[in-house]
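A.B. asks: Okay, here's the structure, questions in a sec.
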């Protein structure tokens, strides 16, 4: 593709503030099994800009050339059925490097558009499974972004969360079934004024980041000036932040490599579960995600052992959306998580 036809993307390293959102996105990229991130906040706070920026930052991936599912050339778990059959027949698979897919799911998307469709007529007349891949296929091994996810049909949100959790998408029609890999980092964003997601759906997002409009006038001016300068001359900006961008990319790659060796002591795991129990978090998803995120954060900091500070940094992101809503509660859910954390670990505020 001609470089000039690509729209320049604002550098991730140039984004001012919104640390919660930036950290949650980086941890999900390091370990996609954390389960995605829900970003709630005011309009015009750079949600879309930040999500596009993290996708642009990530290293290229190798795919089997011409495969609509971005199949991995050697990892069996990340192959479509067709590529897997070719691989097992010892066929030579031609590969190409592509940028991490970053797929936008429009609000009015139909189930067919999301999941893909089976051409029944072709299947019956020609005896082949004619499948038209959907957005889940395009998002495999990438990031799927749903803006205003709280306005999306609950049924579609369910499908997205199921695919994100299982790593597979299954389309069935008239007795014909197609299954393909759909492993992606699910990122949802929304404005709380337009309604919250149902608790059952919200709980299935690994992390929940809250972002607010910057109040400091000096910082606001800086953000506006930086964005204006970038829009006027993006090339200069991209050059200016090139080193910073490369450092973050390398840090993420290093963390992905360290992650399998990161350990969390039994005593810390017990304390995490104690916090979840005191907060009355339903199920064990909160415990699992907190453990995963703590390990990813340790790897992010180039360590193979989780420390107390790692848990303190990520626990609010992992648990605040899992607390039961009490209309009489005066304390913010994030503050409540930190308060219980301090009690369990006997930390003086």
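A.B. asks: Does residue 291 qualify as being modelled with pLDDT of 95 or more and either on the phi < 0 side of the Ramachandran plot or in a helix (DSSP H, G or I) (or both)? Lay out the reasoning, then the answer.
C.D. replies: Numbers: modelled with pLDDT of 95 or more: yes; either on the phi < 0 side of the Ramachandran plot or in a helix (DSSP H, G or I) (or both): yes.
Yes; evaluated as a whole, the condition is true for this residue.
A.B. asks: Can you tell me how many residues within segment 21-44 are within 19 Å of residue 196 (Cα to Cα), over 9 Å from the mean Cα position of the chain (by Cα) and buried (at least 20 other Cβ atoms within 10 Å of the Cβ)?
C.D. replies: Final tally of qualifying residues: 4.
A.B. asks: From (1) part of a helix (DSSP H, G or I); (2) in contact with a strand residue (DSSP E or B) (Cβ under 9 Å, 6 or more places away or on another chain); (3) modelled with pLDDT of 85 or more, pick out the condition that doesn't hold for residue 150.
C.D. replies: Every condition holds for residue 150 apart from (3).
A.B. asks: Tell me, please, whether a residue that is surrounded by 21 or more Cβ atoms within 10 Å (Cβ to Cβ), on the phi < 0 side of the Ramachandran plot, in a helix (DSSP H, G or I) and touching a strand residue (DSSP E or B) at 6+ places or on another chain (Cβ under 9 Å) can be found in segment 166-189.
C.D. replies: no
A.B. asks: In this structure, does residue 112 turn out to be more than 30 Å from residue 224 (Cβ to Cβ), assigned by TED's automatic domain parsing to the domain that holds residue 10 and either in a loop (DSSP other than H, G, I, E, B) or out of contact with any helix residue (DSSP H, G or I) (no Cβ under 8 Å at 6 or more places or on another chain) (or both)?
C.D. replies: So residue 112 fits the description; yes.
A.B. asks: Output the residue which, of all residues in segment 192-204 that are out of contact with any helix residue (DSSP H, G or I) (no Cβ under 7 Å at 6 or more places or on another chain) and touching a residue at least 40 places away in the same chain (Cβ under 8 Å), is surrounded by the fewest Cβ atoms within 10 Å (Cβ to Cβ).
C.D. replies: Going residue by residue through segment 192-204, those that are out of contact with any helix residue (DSSP H, G or I) (no Cβ under 7 Å at 6 or more places or on another chain) are 192-193, 199-200.
Right, trim to touching a residue at least 40 places away in the same chain (Cβ under 8 Å) and you get 192, 199.
Numbers: 192: 11, 199: 14.
Among residues in segment 192-204 that are out of contact with any helix residue (DSSP H, G or I) (no Cβ under 7 Å at 6 or more places or on another chain) and touching a residue at least 40 places away in the same chain (Cβ under 8 Å), the one surrounded by the fewest Cβ atoms within 10 Å (Cβ to Cβ) is 192.
A.B. asks: For residue 226, all conditions in the list (1) in contact with a helix residue (DSSP H, G or I) (Cβ under 8 Å, 6 or more places away or on another chain); (2) within 25 Å of residue 100 (Cβ to Cβ); (3) modelled with pLDDT of 85 or more hold save one; what is the number of the exception?
C.D. replies: Among (1) in contact with a helix residue (DSSP H, G or I) (Cβ under 8 Å, 6 or more places away or on another chain); (2) within 25 Å of residue 100 (Cβ to Cβ); (3) modelled with pLDDT of 85 or more, residue 226 violates only (3).
A.B. asks: So, of the residues in segment 269-284 that are surrounded by fewer than 19 Cβ atoms within 10 Å (Cβ to Cβ) and either touching a residue at least 40 places away in the same chain (Cβ under 8 Å) or in contact with a strand residue (DSSP E or B) (Cβ under 9 Å, 6 or more places away or on another chain) (or both), which turns out to be nearest to residue 347 (Cα to Cα)?
C.D. replies: Applying the first criterion (surrounded by fewer than 19 Cβ atoms within 10 Å (Cβ to Cβ)) to segment 269-284 yields 269-271, 273-274, 277-278, 280, 282-284.
Subsequent filtering for residues that are either touching a residue at least 40 places away in the same chain (Cβ under 8 Å) or in contact with a strand residue (DSSP E or B) (Cβ under 9 Å, 6 or more places away or on another chain) (or both) retains 271, 274, 278, 280, 282-283.
Values: 271: 13, 274: 15, 278: 16, 280: 21, 282: 25, 283: 26 Å.
Filtering segment 269-284 for residues that are surrounded by fewer than 19 Cβ atoms within 10 Å (Cβ to Cβ) and either touching a residue at least 40 places away in the same chain (Cβ under 8 Å) or in contact with a strand residue (DSSP E or B) (Cβ under 9 Å, 6 or more places away or on another chain) (or both), the one nearest to residue 347 (Cα to Cα) comes out as 271.
A.B. asks: Which of the residues belonging to segment 85-108 are over 30 Å from residue 150 (Cβ atoms), in contact with a strand residue (DSSP E or B) (Cβ under 9 Å, 6 or more places away or on another chain) and in a loop (DSSP other than H, G, I, E, B)?
C.D. replies: Across segment 85-108, the qualifying residues are 93, 94.
A.B. asks: Under the condition of being assigned to a loop (DSSP other than H, G, I, E, B) and in contact with a helix residue (DSSP H, G or I) (Cβ under 7 Å, 6 or more places away or on another chain), which residue from segment 206-223 is modelled with the highest pLDDT?
C.D. replies: Taking segment 206-223 first, the residues assigned to a loop (DSSP other than H, G, I, E, B) are 206, 212-216.
This time we only want the ones that are in contact with a helix residue (DSSP H, G or I) (Cβ under 7 Å, 6 or more places away or on another chain), so: 206, 214.
On the way: 206: 93, 214: 78.
Restricting to residues being assigned to a loop (DSSP other than H, G, I, E, B) and in contact with a helix residue (DSSP H, G or I) (Cβ under 7 Å, 6 or more places away or on another chain), the top hit is 206.
A.B. asks: Residue by residue through segment 49-84, note down the ones that are farther than 30 Å from residue 18 by Cα, in a helix (DSSP H, G or I) and in contact with a helix residue (DSSP H, G or I) (Cβ under 9 Å, 6 or more places away or on another chain).
C.D. replies: Residues of segment 49-84 that are farther than 30 Å from residue 18 by Cα, as a first pass: 62-84.
Next, from what is left, pick out any that are in a helix (DSSP H, G or I): 76-78, 81-84.
Within segment 49-84, 76, 84 meet the criteria.
A.B. asks: Kindly evaluate residue 253 against the criterion of being surrounded by 11 or more Cβ atoms within 10 Å (Cβ to Cβ), part of a helix (DSSP H, G or I) and at pLDDT 95 or above.
C.D. replies: On the way: surrounded by 11 or more Cβ atoms within 10 Å (Cβ to Cβ): yes; part of a helix (DSSP H, G or I): yes; at pLDDT 95 or above: no.
No.
The values are calculated or read from the model by the stated rules, or taken from the named source; none is laboratory data. From a predicted model like this one, the values you see are computed outputs, not experimental measurements. No Cβ is skipped: glycine too gets one built from the backbone with ideal geometry, and neighbour counts run over all protein chains shown.
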